[in-house]
Every structure is written in C-alpha cells, then in structure tokens.
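Q: Sharing a structure with you now.
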Amino acid sequence: MLRKQIGVLLIFLFLGFGCFEVQAQDTLSLKMEKNEYWWGGVSSDSHLMPYSSSTSLKRDLLGNNYGNQAQPLLLSSHGRYIWSSKPIAYHFDKGSIKVTSEYGEIKAGKQDNNLREAFQFSKEQFFPPQGEYPNALMFTAPQYNTWIELMYDQNQEDILEYARNIIDQGYPPGVIMIDDNWQKDYGVWKFSSERFSNPKKMMDELHKMGFKVMLWVVPLVSPDSRVYRDLAEKDMLLNNSHEEPAMIRWWNGVSAALDLSNPDTQSWFKGQLDYLVKEYGVDGFKFDGGDTHHYQGNLKSHKPSLPNDHTRYFAEIGLDYPLNEYRASWKMAGYPLAQRLRDKDHSWEDLQKLIPGIVAQGLMGYAFTCPDMIGGGQFTAFLDESTMDEELIVRSAQVHALMPMMQFSVAPWRILSQKNQRRVKQMAKLHSKMGDTILELAKESAQTGEPIVRPMAYTYPNSGYATIKDQFMLGPEIMVAPVVQKGQRKRTVKIPEGTWKAENGNIYDGPTTENIDVPIGRLPWFKKITP
C-alpha cells in the first residue's frame, strides 16, 4: 500500500513540472488545472468533449468500446497525457480525474503546455504511424452506401438502379458499399441467389460506371448453417464455459462468433473474403460488428484474450484490404483503416456531434475518418418520409464536404427539392474538387500520425479555442465553419492569427471574431494565405 501511495504522490509532483514519463501500478488521481480541457477515451462521447472542471463522467473500457472507436488515452490542452496499453476505467468528477486499470501499466506525463505536444509525444511513444493509408478513392470522391435506400432488401436490380441514378443525377462516382443482407447467411459469404441473379455481371457494370465496390461483413456465423457446424467441429468459434460455441446476442439476433485469435480461423475468414475478390471482382469490405461487449463473459478462445483483444483481431483483418471501413475499434490508431462514426439519427442534435466526433477520432490517433452517412445512418429514422428535414440533409452534406471522407446513403434526388438537391450536389463536387488536397493530408498523416481534421486548439494552442465545437481545421491551413443549427442564417466565426481568404473571396485578418451570413446554400471555409 505504501509503495502505491508513493507512486501516486510522485505522479502528482511530476505532473506540474517539465517533460517526463512515469508509470503507476494501477491507479492515477489528479486535479485539473485552471482552464484545462481533456479529450479521449471513446469517440462516442465526443459531444461531451472537451471534458472540463464541470464534467461528471464514468467510463470503463474493459469489455466496452461504447459502439465506436476506443483508445486508452486521455489528452489535455495543458500538455498532459494518460495512457495504458490495457483497458482503463476513468472518472471525471468536476475537476478531479481518477484512472484505474486491473492490469497496471498506467502512464502519465506532460509535454510542453499544449494539446499538440501531448498528442505528438503520445503518438510517437504509444501508436506510431504505420506509413500507409486506405485506398485513395476513399478520400478523393464521395462514398455511397446502399443501406438507407434498400435496408434489408439488398438486391441486384435495385443496387444497379441506385448506382445509375448517382451517375444520371450528376454525382461523381466513387466507392459504393453494398450493405447487410446481400449474403446467403452470416458466415456464408456468398451472394443470395434469390436476390442476385448474376453478381459477377453486377460487379462488372458497377466497375464500368466508375465505382469500386465494398461488401458488408461481420465476424459472426448463423448457428443453423453448415458453415457453423464445420467451424464448430474444427474449434474455430469462440466457446462458452461448457466448451460449446458461445451464442452472441447482437442487433440482428443471435449468432456464433469467429475465434479470430486462432490463426486457422483468420485464414478461413480471409479465404472467404479473397474468394469474393477473385470470383466477383469485389474491391473491399465494410467490416461491421466486432464490438467489445460481444466478447464479455467467460468466453474461451484459442489464445487467452481480453474482450478488447477480439475487437482488435477483427480490425487486423482489414489491413489486407485497402478498401475497408470500421465502426468498432480498439487500439488501432496509426493503422490504414477507415474509421466511421457510429450511426447517427436524422436529427439536429446528432448533426452537432459530427465535428466533435471527427475531432475526437483524430486526437485518439484515428486519422482516416468518416462522419457516418449524410442525413443520418439510423434506418428507423427514414421509415416515415414525412419526418425528413431537407435543411438538415443540406447542412449535413456541408459538414461532410471538407472532412476526410464523405458518405451518402439516402438518395438526395428522391427526397429533396430540386433546389436543395443542387446544393447537396455542389457539396459532393466540392469534396471531389478538394480530393487531391485531402489525399495529400492523408498521405502526410500516414507518415507523421497527425490528425487530418484537428480542433482549433490543436493548431492554435492557448488562444481560447478549446471549447469550439462548430469549427475545425482541415490540415494546418484550411478552416471550416459549417452550420449545425436549424434555421441559422448568420453565425459567429473565430478566425485565428494570420490572413485568411473565405470561399466567397472575402479577406480577414486574424485574430478576430466575425459575424457572417450563412444562407442555406453556403458552407463557409477559409484558406490561410499569410502566416
């Protein structure tokens, strides 16, 4: 006990001075400094970030990624960091922070006095960049997902019609993702013959239109299939305490789970995916599921593993496929994986979570990011079209346009007026126009590990920008200030030091605060033209 108390005391002493790194046994407690703000932990809490002296929040990352990316990392605007190689629990309690781990290895320190230096040190020490990035098309063109339009009725005829409409309506082609229920069964990764008469022909047509095609997959197996029986016999599924395949309850029912700690299971799963690539010309995969909470309980695996490890095993599969997408991740920062924010409702409240979400992902080391689907990805919100808000979809497209990735699902031409559809199409074309710039930032991030999207406080520390949630930096020289409030036609923009040119040609000398007009068709963004 005395040793632990001394360790915590040393942490308190060191946290106030200089650059250092210390290792605690299993508990860290500290007090927030005046005007200090924190980010990290789980991206699904991003709308609550930055955490301040008024924050009350408890999270335990052991066995829970809270539906999105998780990282055992906390970063402060004053240059402090907290990290562990194992899952942590943390408690923000109105100015106090307590971090614990059942496995020890909590590290804490301070680098200079700002957020960027804390991130830079943590990135180099704990999740260095791997030098690679996802397929370039993920950044240079919009993505299109069939989920909202087709939901569980994925079929050849309607997928081709969706793709043709994209082209006919004047949208640039890009990645098209065929979502859940294209397959015969979970674990039986073959096209349903009832809904796909000739999947190879479909792929060829999509490729001729200029699309690359991704298919939705999960690490789960339907328990009444022949594949399940074969995998169970070969001990390639996760088992329960009775040495029987464990049944995992998830949003689509109950399934068995692949034991991806087993090299044989990894080879089998990759074999299924490679067959789709070679047989049909599939270009990549949307890797869904894999959430840490699916692996809680007394599961037995080939390799002794924590629940979080199984999420990571699934994510590692995607490294073999440059066209990939993940929603659930654990400690995969720095790797060339596209990371999407969890499904958002068709609501202004959830629209306001997109910028904090992308910012949080970047500060956790997940640079190659996508802000869910334009207008929202929760299909239940689209069952009653009378509730659709056209202004929300336009503003959502504007938020997406200058982020690393932009993803459509609901068809704008089907639900919007011609005027609003033109506004959305302009955003798709803006993303394509800026695609080379975004791709260059992705290439730089692959080498440096720096976020592509950054909070204002990252680029301009100690300038009073820590709490800004409706502006962001795209790289070091582009600032974007979308509208995320219904009916808003004027907004305040914080312009940092230097001279900035707005997209409408106006010039601003910072630092300054400007009130600007934001009609529904305008996305304000600014390019720095002098230091």
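Q: By Kyte-Doolittle mean hydropathy of at least 1.0 and Cα axial length of at least 15 Å, which whole DSSP H helices of the chain are selected?
A: Numbers: long enough: 2-14 (18 Å, 1.67); 115-126 (16 Å, -0.77); 156-168 (18 Å, -0.59); 263-280 (25 Å, -0.98); 307-317 (17 Å, -1.15); 390-401 (17 Å, 0.11); 418-433 (22 Å, -1.93); 435-448 (19 Å, -0.34).
What comes out of the filter, once short or polar helices are dropped, is 2-14.
Q: Quick check: the distance between the Cα centres of segment 438-479 and segment 51-104, to the nearest angstrom?
A: What the calculation gives is 22 Å, centre to centre.
Q: For segment 278-312, run through the chymotrypsin sites (Phe, Trp or Tyr not before Pro) and keep only the ones in DSSP coil with at most 12 other Cβ atoms within 10 Å of their Cβ. Provide the component values of the computation, followed by the final result.
A: Details: sites: 280, 285, 287, 295; in loops: none.
Here no chymotrypsin sites (Phe, Trp or Tyr not before Pro) fit, given the DSSP loop and packing criteria.
Q: Turning to a different aspect of this structure: Among residues other than residue 181 whose Cβ falls under 14 Å from its Cβ, what is the net charge (Lys/Arg +1, Asp/Glu -1)? Don't jump to the answer; show the numbers that get you there.
A: Numbers: positive: 184, 190, 195, 286; negative: 149, 153, 158, 179, 180, 185, 194, 288.
Taking every other residue near residue 181 into account, the sum is -4.
Q: Rounded to the nearest 5, what % of the DSSP beta bridges within the chain are antiparallel ones? It would help to have the intermediate numbers written out before the result.
A: Details: 66 of 87 bridges.
Antiparallel bridges make up about 75 percent of those DSSP assigns within the chain.
Q: What aspartates and glutamates does residue 429 reach when the alpha-carbon gap must be under 15 Å and sequence neighbours fewer than 8 apart in one chain are set aside?
A: Within the straight-line limit of under 15 Å, residue 429 reaches these aspartates and glutamates: 168, 503.
Q: Amide H of residue 339 versus every other amide H placed in the peptide plane: which residues, excluding those fewer than 5 positions away on the same chain, fall under 5 Å?
A: Here the answer is 326, 368, 369, 370, since their amide H atoms fall under 5 Å of that of residue 339.
Q: Would you pull out the residues with amide H under 5 Å of residue 109's amide H, same chain only if 5 or more places away, H placed 1.01 Å from N?
A: Under 5 Å from the amide H of residue 109: 81.
Q: So if each residue of separation counts as 0.36 nm, and I subtract the Cα-Cα distance between residue 512 and residue 250, what length gain in nm does that give? Show your work: numbers first, answer last.
A: On the way: separation 262, 0.36 × 262 = 94.32 nm, distance 4.96 nm.
So the chain would gain 89.4 nm between residue 512 and residue 250.
Q: For a test of the definition: using alpha carbon positions, the gyration tensor, and the 1.5 limit on a/c, classify the chain as rounded, prolate or oblate. Walk me through the numbers before you get to the answer.
A: On the way: a/c = 1.99, a/b = 1.08, b/c = 1.84.
The shape class here is oblate.
Q: With θ taken as phi - 60° and the coefficients 6.51, -1.76 and 1.60, list the Karplus ³J(HN,Hα) couplings across segment 503-520 in order, rounded to whole Hz; mark glycine and proline as x.
A: For segment 503-520, the Karplus-derived couplings read 5, 8, x, 5, 10, 10, 9, x, x, 7, 10, 10, 9, 10, 7, 9, x, 4 Hz, x marking Gly and Pro.
Q: So what's the back-of-envelope 222 nm ellipticity for the chain, counting only DSSP H runs of four-plus at -39500 (n - 2.57) apiece and dividing by all residues, rounded to 500?
A: On the way: 16 runs with 157 residues, N = 531.
That calculation yields -8500 deg cm²/dmol at 222 nm.
Q: Work out how much length residue 300 to residue 197 would gain on full extension: take 0.36 nm times their residue separation and subtract the Cα-Cα distance, in nm to one decimal.
A: On the way: separation 103, 0.36 × 103 = 37.08 nm, distance 4.01 nm.
Gain on extension, residue 300 to residue 197, equals 33.1 nm.
Q: Give the shape of segment 352-444 as rounded, prolate or oblate, defined through the alpha-carbon gyration tensor: a ≥ b ≥ c are the square roots of its eigenvalues, a/c under 1.5 means rounded, and otherwise the shape is prolate if a/b is larger than b/c and oblate if not. The partial results should precede the final answer.
A: Values: a/c = 2.78, a/b = 1.52, b/c = 1.84.
Since a/c reaches 1.5 but b/c is at least a/b, the shape of segment 352-444 is classed as oblate.
Q: Report, ordered by chain and residue number, the aspartates and glutamates lying within cross-link reach of residue 184, taken as a straight Cα distance under 13 Å and ignoring same-chain residues fewer than 8 apart.
A: Of all the aspartates and glutamates, those that pass the test against residue 184 - Cα under 13 Å, at least 8 places apart if same chain - are 153, 194, 224.
Q: Taking H as built 1.01 Å from N, whose amide H comes closer than 5 Å to the amide H of residue 188, not counting residues under 5 places away?
A: 222
Q: Any of 353/490; 123/528; 344/494; 86/234; 98/528 with alpha carbons more than 32 Å apart? Name them for me. Don't skip to the end; give the middle numbers.
A: Details: 353/490 20 Å; 123/528 27 Å; 344/494 27 Å; 86/234 30 Å; 98/528 40 Å.
From 353/490; 123/528; 344/494; 86/234; 98/528, over 32 Å: 98/528.
Q: Find, among the trypsin sites (Lys or Arg not before Pro) in segment 461-531, those assigned to loop by DSSP (not H, G, I, E, B) with at most 13 other beta-carbon atoms within 10 angstrom. Before the final figure, lay out the partial values.
A: Values: sites: 469, 486, 489, 490, 491, 494, 501, 522, 527, 528; in loops: 469, 486, 489, 522.
Answer in residue order: 486, 489.
Q: Going by a ≥ b ≥ c, the root eigenvalues of the Cα gyration tensor, does segment 397-531 fall in the rounded group (a/c under 1.5), the prolate group (a/b larger than b/c) or the oblate group? Provide the component values of the computation, followed by the final result.
A: Numbers: a/c = 1.93, a/b = 1.27, b/c = 1.51.
Here segment 397-531 falls in the oblate category.
A short reminder: the numbers here are calculations on the coordinates, not readings from a lab. These figures come from a predicted structure and were not determined experimentally. Note that we place each Cβ from the backbone using ideal geometry, even for glycine, and neighbour counts take in every protein chain shown.
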